[in-house]
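Structure first, then comments.
The values are calculated or read from the model by the stated rules, or taken from the named source; none is laboratory data. Note that this is a predicted model, so its numbers are computed, not measured. Glycine gets a Cβ as well: all are built from the backbone with ideal geometry, and neighbour counts include every protein chain shown. Protein only, heavy atoms only, side chains kept; ligands, DNA and RNA dropped before computing areas. Shrake-Rupley method; radii C 1.70, N 1.55, O 1.52, S 1.80 Å.
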Amino acid sequence: MASVSSFRPSRAGIKDRARKSVRRLQTSALPIIQCALAAGLAWWVATTVIGHHAPFFAPIAAVVSLGLSLGARLRRSFELVAGVTVGIGIGDLIISGIGSGPWQISLVVVLAMSVAVLLNSGPIFSMQAGNSAVLVATLIPPGGSGGPDRMIDALVGGLVGIAVVAIIPTHPVRRARKDAASILGTASEVLQLVADGLVANDPDPIVKALQKARATQGAIDGLRSNLLGGREISRISPLYWNSRPRLERLMATADPIDNAMRNIRVLARRSLTLVRDDEILDPRLVAQVERLSKAVEVLKEMILAEPGEQPDQAEAARVLRSVAKELKPAIVENAGLSSTVVFAQIRSLVVDLLQVAGMKRISSIATLPPTVPHPAYEPDH
């Protein structure tokens with residue numbers, strides 16, 4: 001039987017979890033501050049400016065409309081106010097006629113959420129409609145002024161939340177840029193591990209590479225969310241109106257980065273099959289995997305570079321083009337199936353990465369040596 005001490009987390013494990021917790025707090029620090037300020041300001045506006053006695057829903061609306069996620073805050077604010085309106089309207093109408101009780105609460109929730117779903121597919125809309133209907137059925141006297149007052153409080157909370165984002169914004173580019181750089185850094189590590197496994201004919205590094213590649217989907221989703229949040233900030237905050245061109249360039253990298261990671265996963269899976277089948281592999285192909293790993297590292301540095309710094313898009317594209325020109329069909333002449341698939345995935349991956357570097361897809365394809373006599377896109381060399 002295993003001793004109790006064997007189940008205790010190691011000191012290093014505890015420290016690692018603590019570091020991750022601190023990093024999460026640092027990442028969420030500004031959104032937390034925004035929510036706190038918006039809640040207090042919404043309460044002040046509703047009580048002092050408008051004159052409501054206990055506008056509990058104003059700070060709630062402010063916090064819900066902001067949340068910790070940067071993406072789609074404007075949409076959340078709209079859905080929140082609309083959901084409150086639907087929930088209060090239906091709840092007040094039904095409860096004033098049939099009274100309050102268990103089956104009445106169930107009925108108004110069904111009706112309010114059904115109407116919300118018919119009007120809009122947003123989850124906040126339907127959930128807020130249901131919540132508001134419950135509050136009307138349990139806390140607010142039917143036919144009183146609670147309905148209109150709560151609608152106003154929700155509007156105040158949503159507007160205050162938007163104002164706080166405009167006045168105290170997060171940087172619209174910085175967080176998404178770090179996300180993109182982190183994903184590319186992982187991509188570089190994965191490619192190097194694949195190259196190591198192919199050189200040593202050892203599946204273990206490739207298995208590790210595949211695990212790393214599969215774990216990036218959450219980061220890719222986070223990148224997309226932060227890009228959407230950055231776009232909203234660049235629209236509503238005058239402080240960052242000048243960041244829009246840079247943000248648009250970064251947004252153009254989201255799909256190619258996603259596609260690149262998908263191609264890397266396929267490349268790693270096929271490389272694992274290649275090693276386990278003990279298939280003969282041309283050393284030149286392994287060399288291209290390693291070169292591509294280093295090229296992706298340059299791409300990562302490009303993402304992190306400030307405007308005017310090196311490496312820029314032109315330098316990153318130059319490094320990737322130098323890899324592309326070596327991907328000739330002769331590398332896999334008389335090769336097995338897995339080698340051919342790896343070769344094809346590397347070529348597809350180069351096209352994705354060149355798009356991250358700012359090139360158009362057709363131009364990226366044209367950098368590759370042709371594999372057929374009459375390619376659809378004329379090579380540029």
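Would a scan of region 327-335 turn up a residue that is farther than 17 Å from Pro283 by Cα, assigned to a helix (DSSP H, G or I) and not small (Gly, Ala, Ser)? No: zero hits.
Tell me which residues, restricted to region 218-238, are within 20 Å of Ala187 (Cβ to Cβ) and in contact (Cβ under 8 Å) with a residue 24 or more places away in the chain.
Keep residues of region 218-238 that are within 20 Å of Ala187 (Cβ to Cβ), which gives 218-227.
Selection gives Ala219, Ile220, Gly222, Leu223, Arg224, Ser225, Asn226, Leu227.
Taking first residues from region 79-94 that are open to solvent by 30 Å² or more (accessible area, probe 1.4 Å) and partners that are at pLDDT below 75 and outside any helix (DSSP H, G or I), the Cβ contacts under 8 Å between residues at least 6 apart in sequence or on separate chains come to Asp92/Ile140; Asp92/Pro142; Asp92/Gly143.
Cβ separations smaller than 7 Å between residues 6+ apart or across chains give the following pairs from region 144-163 residues that are under 13 Å from Val63 (Cα atoms) and of a type in the set (Val, Ile, Thr) to residues that are open to solvent by less than 50 Å² (accessible area, probe 1.4 Å) and at pLDDT 80 or above: Val156/Ala42; Val156/Val45; Val156/Ala46; Val156/Ala58; Val160/Ala38; Val160/Ala42; Val160/Val45; Val160/Ala62.
For region 241-257, name all the residues that are in contact with a Gly (Cβ under 9 Å, 6 or more places away or on another chain), among the hydrophobic types (A, V, I, L, M, F, W, C) and assigned to a helix (DSSP H, G or I). Don't jump to the end; show me each part of the working.
So in region 241-257, the residues in contact with a Gly (Cβ under 9 Å, 6 or more places away or on another chain) come out as 243, 247, 249-253.
From the residues that got through so far, the ones that are among the hydrophobic types (A, V, I, L, M, F, W, C) too are 247, 250-252.
Within region 241-257, Leu247, Leu250, Met251 qualify.
When the residues of region 288-300 are narrowed to those that are in contact (Cβ under 8 Å) with a residue 40 or more places away in the chain and among the hydrophobic types (A, V, I, L, M, F, W, C), which ends up farthest from Leu353 (Cα to Cα)?
Keep residues of region 288-300 that are in contact (Cβ under 8 Å) with a residue 40 or more places away in the chain, which gives 288-290, 292-297, 299-300.
Imposing the further condition that a residue be among the hydrophobic types (A, V, I, L, M, F, W, C) reduces the set to 289, 292, 295-296, 299.
Working: Val289: 13, Leu292: 10, Ala295: 9, Val296: 8, Leu299: 8 Å.
Ranking the candidates gives Val289 first.
Given the criterion among the basic types (Lys, Arg) and farther than 30 Å from Glu290 by Cβ, identify the matching residue among Arg150, Arg214, Arg177. Spell out how you get there, then give the answer.
On the way: Arg214 fails: farther than 30 Å from Glu290 by Cβ; Arg177 fails: farther than 30 Å from Glu290 by Cβ.
Of the residues listed, the single one that is among the basic types (Lys, Arg) and farther than 30 Å from Glu290 by Cβ is Arg150.
If the condition is being assigned to a helix (DSSP H, G or I), of a type in the set (A, V, I, L, M, F, W, C) and free of Cβ contacts under 8 Å to residues at least 12 places away in the same chain, then region 338-381 contributes only Ala344.
Tell me, yes or no, whether region 258-278 has at least one residue that is touching a residue at least 12 places away in the same chain (Cβ under 8 Å), in a loop (DSSP other than H, G, I, E, B) and open to solvent by 90 Å² or more (accessible area, probe 1.4 Å).
Initially, region 258-278 is screened for residues touching a residue at least 12 places away in the same chain (Cβ under 8 Å), giving 258-261, 263-278.
Filter again for in a loop (DSSP other than H, G, I, E, B), leaving 277-278.
Now restrict to residues that are open to solvent by 90 Å² or more (accessible area, probe 1.4 Å): 277-278.
Checking region 258-278: at least one residue is touching a residue at least 12 places away in the same chain (Cβ under 8 Å), in a loop (DSSP other than H, G, I, E, B) and open to solvent by 90 Å² or more (accessible area, probe 1.4 Å).
Summed over region 303-326, the residues that are open to solvent by 50 Å² or more (accessible area, probe 1.4 Å), outside any loop (DSSP other than H, G, I, E, B) and of a type in the set (S, T, N, Q) give a count of 1. Remark: pairs (first residue in region 12-31, within 17 Å of Arg175 (Cα to Cα) and touching a residue at least 12 places away in the same chain (Cβ under 8 Å); second residue assigned to a helix (DSSP H, G or I) and open to solvent by less than 80 Å² (accessible area, probe 1.4 Å); Cβ separation under 9 Å; 6+ apart in sequence or on different chains) = Thr27/Arg175; Pro31/Leu66.
Every residue, every condition in (1) at pLDDT 80 or above; (2) on the phi > 0 side of the Ramachandran plot; (3) open to solvent by 70 Å² or more (accessible area, probe 1.4 Å), yes or no:
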site: Ser3; (1), (2), (3): no, no, no
site: Asp16; (1), (2), (3): no, no, no
site: Thr27; (1), (2), (3): no, no, yes
site: Cys35; (1), (2), (3): yes, no, no
site: Leu41; (1), (2), (3): yes, no, yes
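Listed by position, the helices (runs of 4 or more DSSP H) inside region 141-240 whose residues that are within 19 Å of Gln34 (Cβ to Cβ) number at least 3 are 146-167, 174-200, 217-236. Scanning region 239-250 for residues being buried (at least 18 other Cβ atoms within 10 Å of the Cβ) and either in contact with a Lys or Arg (Cβ under 8 Å, 6 or more places away or on another chain) or free of Cβ contacts under 8 Å to residues at least 40 places away in the same chain (or both) gives a total of 2.
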